[in-house]
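In what follows, a single structure is set out as C-alpha cells and then discussed.
Bear in mind that the values in this text are calculations on the coordinates, not laboratory data. Because the structure is a prediction, the values reported are computed rather than measured. As a convention, Cβ positions derive from the backbone with ideal geometry for all residues, glycine included, and neighbour counts pool all protein chains shown.
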Amino acid sequence: MSALNIKKGSTSHSAYDLRSANSEVEASHTLAVIVENEPGVLARVIGLFSGRGYNIDSLTVAEVDHTGHRSRITIVTRGTPAVIDQIEAQLKRMVPVHEVQDLTAEGPSVQRELALVKVKGKGDHRIEALRLAEIFRANVVDSTLESFVFEMTGTPEKIDAFADLMRPLGLVEIARTGVAGLKRGA
Amino acid sequence: MSKQMTGAKMVVQALKDQGVEVVFGYPGGAVLPIYDELFLQNDIRHILVRHEQGAVHMAEGYARSTGKPGVALVTSGPGATNAVTGLTDALMDSIPIVVLTGQVPTFMIGTDGFQEADTVGITRPCTKMNWLVKDTAKLSDTIHQAFHVATHGRPGPVLIDIPKDVQFATADYVPAEKAKISHYQPRTEGDRDQIARLVELIESAERPVFYTGGGVINSGPRASQLLRELVAETNFPITSTLMGLGSYPASGKNWIGMLGMHGLYEANLAMHGCDVMINIGARFDDRITGRIKDFSPRSKKAHIDIDPSSINKVIRVDVPIVGDVTKVLEEVLRQWRARGSKTDQRGLSQWWKQIDEWRAVKCLAYKNSTTTIKPQYALERLEALTKGMDRYICTEVGQHQMWAAQFLGFEDPNRWMTSGGLGTMGYGLPASIGVQIAHPDALVINVAGEASWLMNMQEMGTAMQFRAPVKQFILNNERLGMVRQWQELLHGERYSSSWSESLPDFVKLAEAFGCKGIKCDDPKDLDDAIMEMIRYDGPVIFDCLVEKHENCFPMIPSGKPHNEMLLSADAEAFRSGAVLV
Ligand SMILES: Cc1ncc(C[n+]2csc(CCOP(=O)(O)OP(=O)(O)O)c2C)c(N)n1
Ligand SMILES: [Mg+2]
C-alpha cells in the first residue's frame, strides 16, 4: 500500500483515533483521599478530575488532623475498572496526596451523607410527612405552622428514597453534604 | 544556626545551595528585588532572554542535556503567562525545571492589581506541583522542596510564585538539608517478584523486543549503561521512542531504529509481531500505539515505569514494574545472570532473520536529486560531517523533526533534545541556547523548519549577547510541511494556510542580528556550506532550501495499526517479496 492509496479527502482518517478503546461497565466508587492541607490542594485534585474527564458525583472535604494539617477528601466517582484504577494512580502520584483508599473496592465500609430537607404543607400532607420522617429516623430541626426542616443521615440511596417520598408531600428545598466514608472494622 | 535575610536574598542563596549555576530569565516589577540580589553576586549567571517562553525552553535544553534541573525566573502577569507553554512542554516530556515567578504583593492579591494573574491557578494543570509563598519564613524551605519534587520520582516542572512583599521581608533561612521533603519519596525499587516474572519472559521469549523511552534518559547515564549490557547479553532487538533516542547507540548492532508514527518499518513490525514486549521508561503514547485494539496483539507485555499512573493507562500489561529504570535494570540483570543468562537462541535467530527481511525493505529510501536538496539528503550530509564530534541536536516540530530522528544517529543519552509530548513549534532555538550555555565548547545544532523557527527567532539576540555559537540549520521548504503532508494525504490536497508566505531573507536576518548567515540551495554546495557553518566561531543561521513537497515516510496514519504503514514509493519498490505479519 502506498501513500497514494489513501482515498483523497477521506474523513475516516483523523489526527487522533476517535474511537473509545473501552467498553467495560461503569460502577460507582467512593474514594477517600488524605492530603496535606495546603492552599490549592483541593483545586489540584478537582482539576485532575475535570482535566482528565473523570466524573465527580459528590465531594466532601474537611481538615481531620489539625496538628498534622491533614484533610480528608471523599469523592464519589463513576467509571470502568480501568478508569477507577487510573484515577487512583493519578491521585496517588500527586505531591500533596498522602494516601488514597477505594472504600468500594477495599472491603466493607460505612458511607453516610447528611441531608436537610424542607417540606411545606398543611393538613394530611403534614401529618404524613412527619410519619414518614419517623420511619426514616429523620429529626425535625425547624418547624413552623406550615413547614418542617428534617435532618437525616444515611446512605445516598436512603436520602434519595426519602426525598422521593417527600416530593408529593411538599418538598421545597434540599441540602446534602455529599458522602463521608470509613472502612469497617479495626 | 539560622541566618536572617530578605526573601530576595533567600532565593539566590537557595539556588546556590541547590547547585544552580545559571538562571534564564526576564525582569519586571514583581521580581526586581531578586534581580537586585542577582546583580550583587557572581556565582549564578543570569541569561537575559528575549521572551519568557524562550527562558523556559532554555531551562529545558539545559536540563535535557545535563540531567540537572533548569531554572527560569520571570515576572508576574505576562511574564508568568508567557511561561505556560514551556511548563506544559516540560510536563509532557518529564523534564525537571524550576520556574520562579514574581507576584503582586500579598495584600494586593485578588484586587486585579497591575500585572496580577492567578499564576498558581493558571499553571496548576501544567506543573507537577506549584506553590504561592505568602510568608518569607516559608520561602527557602519551599524552594528546596521544589527542587526535590522536580527531580524525584517522575521529573517535571515546578513553579514558585513569590509576591513582592515576601521578597522584601526578612526571615530565617532554612538550609537545604533541613527542608521538609520527607513525605514526597516515590518508590524507586521495583518489586522483586514482578522482576522475576520479567526474567522468565526474557528466558522464554522467541520474538522479544525492547521498547525504550525517555524514562531511560531521565533515570541517568547508568540506566543507559545497564540497558546496553542487557541488550548485548540477551541479543534482543531494541527500538526506542522519539524521546529515548541515544540511550542505546544508533551504531549498536541490535538497534532497529525508532518506532511510532514515523518510525522505521522494522521497528513497528517488530512491535506488532513480537511475543514479548519489554517497555522500559516509555508510556504507550498514541503516536506509538496507533489503534489500541490492534496494538501488538500477540505479545506478553512488561512495563517498567517510575510513575504508577503510566502503567495500564492505555495498554494493559502482564508484568507491571513500578520503579526507577536504573534500579530495576540492576535487579533484572542480577536475577537473570544468577539464573544462568538464558535466552531462547533458536527462536531469537529466527526472529532476527525476520527482522533482517523487514530491514531489507529500506523504509527510509528516498529519491535523491542532483538539482534540489532533499531534506533527507541534507540530514545525511549533516550526520556524515558531524559524526564523532561533541555534538548536541535540538529540533523544532514538523517533518524536519521526524527526518532528524530518522537520519541522525545518537550514540549517547542527553544528546537529542526535542519536544515530543507537546510538539511545540518554537522550542528548538531557545532549547539549543540552553544546551550551549551548559556545554560551551560543544557543537550545538538546531535542526529547524522555517515556520517553527520564526516562532521564537528573537532569541538569536540572546545567542549573540551570551556568545552561544548555536547553529540554526533550517530545512526551509517554505511550507508548514507536516501540515501540508496531512492535507495532501488526508484532506484532499486542500492546502489550507500551510504555506510560509513572506519569509524573511534569512541571510540578511542573520546579519541584522550580527551573526553569520549561510544560504544553500544546490546539493553540490551543501558539504562546503555545512563545513562553513561548523567552523564558524559564533551563531549561524543556515537557510537550507529544500524540496518543498517531500513527504515523511514511513507513516502510520492515526488510528491505524502498525502493520498498516504507508511507505514511500521508493521503499515500496524494495518490498516485493516481503510479507507482513
Ligand atoms: C505552537 C504550534 N502550533 C502549531 C503546531 C502544528 N504544527 C505541527 S508541525 C507544523 C508545521 C511546521 O512547519 P515547519 O516548522 O516549517 O516544519 P516542516 O514540517 O516544514 O519541516 C505545524 C503548524 C505545533 N506543533 N505547534
Ligand atoms: Mg517548513
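Here are a few things to note about the model shown:
- Estimated FRET transfer efficiency (A:ALA105, A:ASP160; beta-carbon r; R0 25 Å; 0.05): 0.65
- Taking 0.36 nm per residue of separation and subtracting the Cα-Cα distance, full extension of the segment from A:ASP124 to A:ARG167 would add 14.0 nm.
- Rounded to the nearest 20 debye, the dipole magnitude of the protein assembly as shown is 1100 debye, with +1 charges on Lys and Arg beta carbons, -1 on Asp and Glu beta carbons, and the Cα centre as origin.
- Applying both filters, DSSP loop and at most 10 other Cβ atoms within 10 Å, to the trypsin sites (Lys or Arg not before Pro) of segment B:161-219 eliminates every site.
- Rounded FRET efficiency, nearest 0.05, which uses the C-beta distance separating A:ASN55 from B:ARG187 and R0 of 35 Å: 0.75
- The long axis of helix A:41-51 is offset from the longest Cα principal axis of chain A by roughly 60 degrees.
- GluC sites (Glu not before Pro), loop per DSSP, at most 16 other Cβ atoms within 10 Å - longest free stretch of chain B: B:207-410
- Per-residue Cβ neighbour rank within 10 angstrom, fewest leading, B:ILE162, A:ILE34: A:ILE34, B:ILE162
- Top positive-direction residue, dipole computed over segment B:270-325 with Cβ charges, set B:VAL317, B:ILE306, B:GLY290: B:GLY290
- Cβ-placed point charges (K, R +1; D, E -1), dipole of segment B:271-323 about Cα centre in debye, nearest 20: 180
- DSSP-defined beta bridges in the protein assembly as shown - what % are antiparallel, rounded to 5: 45
- Only beta bridges with both residues in chain B are counted; by DSSP, about 10 percent of them are antiparallel.
- Among B:VAL447, B:MET555, B:HIS152 - extreme Cα towards positive end, dipole of chain B, charges at beta-carbon: B:HIS152
- Average Cα contact separation per residue, chain B, under 8 Å, 6 or more apart, as relative contact order %: 15
- Dipole in debye (nearest 20) - chain A, about Cα centre, beta carbon charges: Lys, Arg +1; Asp, Glu -1: 460
- Listed from fewest to most Cβ neighbours within 10 Å, the set B:ASP93, B:ASP135, B:ASP537 follows the order B:ASP537, B:ASP135, B:ASP93.
- For segment B:259-353, convex hull volume per residue from C-alpha positions, Å³: 105
- Taking each of B:LYS253/B:LYS367; B:LYS387/B:LYS519; B:LYS9/B:LYS164; B:LYS253/B:LYS293; B:LYS68/B:LYS327 in turn, the alpha-carbon distance tops 24 angstrom for B:LYS253/B:LYS367; B:LYS253/B:LYS293.
- Of the residues A:LEU130, A:ALA105, A:SER147, the one whose Cα sits farthest toward the positive end of the charge dipole of segment A:91-179, with +1 on the Cβ of Lys and Arg and -1 on the Cβ of Asp and Glu, is A:SER147.
- In degrees, nearest ten, helix A:156-166 long axis to first principal axis of chain A (Cα): 50
- For segment B:421-491, the share of alpha carbon pairs falling in successive 10 Å distance bins from zero is 20, 45, 24, 9, 2 percent.
- Calculated from backbone phi, Karplus (6.51, -1.76, 1.60) coupling profile of segment A:109-122 in Hz, x at Gly/Pro: 9, 9, 10, 9, 9, 10, 9, 10, 10, 9, 10, 10, x, 10
- Paramagnetic reach from B:ASN235 (point 7 Å along Cα→Cβ, amide N under 20 Å) across segment B:275-316: B:275-278
- Label-point gap, in nm, between B:ALA442 and B:ARG298 - each point 7 angstrom along Cα→Cβ: 4.2
- Computed across segment B:363-502, the Kirkwood hydrodynamic radius from all distinct Cα-Cα pairs reaches 15.7 Å.
- Computed helical MRE - 222 nm, chain A, DSSP H runs ≥ 4 contributing -39500 (n - 2.57), nearest 500: -7500 deg cm²/dmol
- Segment A:51-173, Rg to Rh (Cα coordinates; Rh as Kirkwood inverse mean 1/r): 1.11
- Here segment B:437-581 is described by how far its Cα atoms reach on the three principal axes: 54, 33, 32 Å, from widest to narrowest.
- Of every Cα-Cα pair in segment B:79-139, the percent that sits beyond 14 Å: 58
- Inverse mean reciprocal Cα-Cα distance (Kirkwood Rh) of chain B, Å: 24.8
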